[in-house]
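The values are calculated or read from the model by the stated rules, or taken from the named source; none is laboratory data. Keep in mind the model is a prediction, meaning the values are calculated, not measured. Virtual Cβ from ideal backbone geometry, glycine too; neighbours counted across all protein chains shown. Only protein heavy atoms, including side chains, enter the accessible area calculation; ligands, DNA and RNA are left aside. Shrake-Rupley method; radii C 1.70, N 1.55, O 1.52, S 1.80 Å.
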Amino acid sequence: QVQLVESGGGLVQPGGSLRLSCAASGRILNLNTMGWYRQAPGKQRELVATMNSGGSTNYADSVKGRFTISRDNAKNMVYLQMNSLEPEDTAIYYCNFLQPTGGYWGQGTQVTVSS
């Protein structure tokens, strides 16, 4: 079992920045992928960005050039630096952890981009 705790959401004006953090704990294997997904009201959950334990990344086209994912393997942490935020980025952001034994979700953190 793996537990995920997210932090860093909030209200920000268009063009602003936020940094999300997610801490993983529990039975963690060396081979894993950590990432972020988001779900806006009335829409399906969608991928934002992922990074595997080898450092390979995957980004949604809508966030490329604005968001940066990073991780600290020693601390089992994953981060999402979000710059140039747009109202369309408003959503609940979920941390995701995937390893050979299963996948896990955090509780979600709200990000609201509004003037």
- Any chance you could check the Cα centroid distance between segment 1-26 and segment 37-62 for me, in angstrom? 13
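Multiply the residue gap between GLN107 and SER17 by 0.36 nm, knock off their C-alpha separation, and tell me the result in nm, one decimal place. Write out the running numbers ahead of the final one.
Working: separation 90, 0.36 × 90 = 32.40 nm, distance 2.15 nm.
The GLN107-SER17 span can extend by a further 30.2 nm.
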- Just need the relative contact order of segment 39-104 here, percent rounded to a whole number, with Cα pairs under 8 Å and 6+ apart. 25
- Message: I need to check one value: relative contact order of the chain, counting alpha carbon pairs closer than 8 Å and at least 6 residues apart, in percent.
- Response: 37
- Note on the structure: When the charge dipole of segment 1-108 is computed with +1 on Lys and Arg Cβ and -1 on Asp and Glu Cβ about the Cα centre, the Cα farthest towards its positive end, among VAL2, VAL63, PHE97, belongs to VAL2
- Item | Debye, to nearest 20: dipole size of the chain, +1 on Lys, Arg Cβ, -1 on Asp, Glu Cβ | 220
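With the other protein chains left in place, how much accessible area per residue, in square angstrom, belongs to segment 14-93 at a 1.4 angstrom probe? Working shown, then result.
Working: 4230 Å² over 80 residues.
On a per-residue basis, 53 Å².
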- What part of the accessible area of segment 1-66, given as a whole %, is carbon or sulfur when the probe is 1.4 angstrom? 46
